[in-house]
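The values are calculated or read from the model by the stated rules, or taken from the named source; none is laboratory data. Treat the numbers as computed from the prediction; the structure is a model and nothing was measured. All Cβ positions, even for glycine, are placed from backbone atoms using ideal geometry, and neighbour counts span all protein chains on display.
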Amino acid sequence: MTAGSNVNVPFSYLDRQFADVDSYLADVRELVLSGDFTLGKPVRDFEARFAAMCGMPYAIGVGSGTDALILSLEILGVGPGDEVITSPNTFIATVGAIAMTGAKPVFVDSNDGFTIDAEQIERAITPRTKAIVPVHYSGNVADMPRIRAIADRHGLFVVEDACQSIKGTRDGLPVGSWGETAAFSLHPLKNLNVWGDAGVIVTRSAELNDKLRLYRNHGLANRDEVLMFGHNSRLDSLQAVIGNRLIEQTDFITNRKIENAQRYDEAFGNLAPMVRIPKREPNVVHVYHLYMLRVERRDDLLRFLTARGVDAKVHYPVPVHLQPAAKSLGYAVGDFPVAEKDARTLITLPAHQHLTTEEVEYTVAAIRSFYGA
């Protein structure tokens with residue numbers, strides 16, 4: 001396979017994943033006929049299956065991954081006057097969720113694996129710090145044993161942003177194992193996906209489980225009794241129906257993404273310094289929601305690949321602390337050099353579970369051709 005061949009390598013896999021749409025519509029028809037539209041059996045079934053998949057006792061379905069973060073933080077008492085530590089190397093939803101509680105986001109730079117640099121966290125802690133939100137960015141897993149130890153030493157809560165790392169593990173323990181809660185997203189392009197916005201919170205705490213179930217549903221104990229003022233953020237029954245079908249494919253999806261990532265790693269291992277593969281930790285199962293490389297001449301490479309049908313992406317060209325929305329936080333260029341350099345050098349390749357061998361080889365050939373290899 002040569003880079004000059006006419007091959008399209010898509011970043012989105014949804015048309016392939018749902019090519020047999022009629023089988024899904026049969027499940028939807030059953031839901032419609034049942035009238036079980038709000039927090040019914042499909043939701044309960046999905047929550048139980050999701051909790052078991054994560055090795056956790058409780059899973060609470062909510063409206064989105066963003067809501068999973070907001071509800072988790074608020075139910076832990078995070079609010080105005082508090083500070084919450086996270087990384088600027090993330091999707092805006094992480095930081096937006098902190099801001100929605102009224103708390104102030106406080107940033108710590110990322111490391112070679114795109115996750116928060118645990119060695120720098122304690123320097124960011126102040127008397128106002130209430131929680132840490134480590135992001136398992138790209139499907140990698142942050143240094144949770146060390147982060148948990150820091151949080152315990154300073155009396156802080158931990159809410160894991162696991163939206164990109166379903167099935168990720170460190171030291172044999174799944175994401176969600178270290179935080180008071182962990183937030184997951186079921187967005188259509190996540191490793192476990194549905195047909196719109198949806199999210200899940202997992203926790204080990206029976207008390208938090210009970211509170212979050214109330215909090216997502218207006219605080220209603222029943223139709224006529226309100227125990228707290230809460231949100232309307234329920235996992236939609238329609239999305240639960242799709243989730244119940246797709247959760248059976250999670251191992252297949254995860255394993256194929258890992259296989260494609262390993263093929264890329266092997267193909268690009270001799271292209272340094274033009275292409276730099278992030279450090280892979282042997283005690284971490286990285287699930288590659290995003291397969292990202294640090295590359296020279298990133299923008300030229302992106303144009304080159306796009307012109308040849310490889311739908312590569314940039315996640316993200318401007319780190320959160322330099323976005324207009326973050327101006328009031330007072331950060332400036334140079335404050336977080338790793339995240340800022342990554343914004344200039346990272347490229348994301350298609351690596352999804354429906355790629356063919358031909359498409360992976362074509363992508364490899366195109367990149368090697370660009371760098372004269």
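Residues that are under 19 Å from P57 (Cα atoms), modelled with pLDDT of 95 or more and hydrophobic (A, V, I, L, M, F, W, C) number at least 3 in the following helices (runs of 4 or more DSSP H) confined to region 193-270: 206-215.
Can you run down the residue pairs with Cβ atoms below 6 Å, 6 or more apart or on separate chains, where the first is in region 27-54 and farther than 17 Å from G176 by Cα and the partner is outside any helix (DSSP H, G or I) and aliphatic (A, V, I, L, M)? What qualifies is V43/L235. Number of residues in region 163-192 that are in a loop (DSSP other than H, G, I, E, B), touching a Leu at 6+ places or on another chain (Cβ under 9 Å) and surrounded by 24 or more Cβ atoms within 10 Å (Cβ to Cβ): the value is 4.
Yes/no per residue for (1) touching a Lys or Arg at 6+ places or on another chain (Cβ under 8 Å); (2) under 20 Å from A97 (Cβ atoms):
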site: G176; (1), (2): no, yes
site: T181; (1), (2): no, yes
site: L186; (1), (2): no, yes
site: K190; (1), (2): no, yes
site: W195; (1), (2): no, no
site: I201; (1), (2): no, yes
site: L208; (1), (2): no, yes
site: K211; (1), (2): no, yes
site: N217; (1), (2): yes, yes
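For (1) within 18 Å of V338 (Cβ to Cβ); (2) among the β-branched types (V, I, T); (3) crowded, with 20+ Cβ neighbours inside 10 Å, each residue gets a yes or a no:
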{"site": "R256", "(1), (2), (3)": "no, no, no"}
{"site": "A261", "(1), (2), (3)": "no, no, yes"}
{"site": "Y264", "(1), (2), (3)": "no, no, yes"}
{"site": "G269", "(1), (2), (3)": "no, no, no"}
{"site": "Y288", "(1), (2), (3)": "no, no, yes"}
{"site": "L293", "(1), (2), (3)": "yes, no, yes"}
{"site": "R303", "(1), (2), (3)": "no, no, no"}
{"site": "A312", "(1), (2), (3)": "no, no, yes"}
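Restricted to region 314-358, and to residues there that are exposed (fewer than 15 other Cβ atoms within 10 Å of the Cβ) and of a type in the set (S, T, Y), the residue that is nearest to K104 (Cα to Cα) is S328. Only one residue in V21, V7, V28 is of a type in the set (V, I, T) and crowded, with 19+ Cβ neighbours inside 10 Å. Which one? The unique qualifying residue is V7.
Counted as qualifying within region 296-373 are the helices (runs of 4 or more DSSP H) with 3 or more residues that are under 22 Å from N8 (Cα atoms), assigned by TED's automatic domain parsing to the domain that holds A267 and touching a residue at least 40 places away in the same chain (Cβ under 8 Å), namely 298-307, 357-370.
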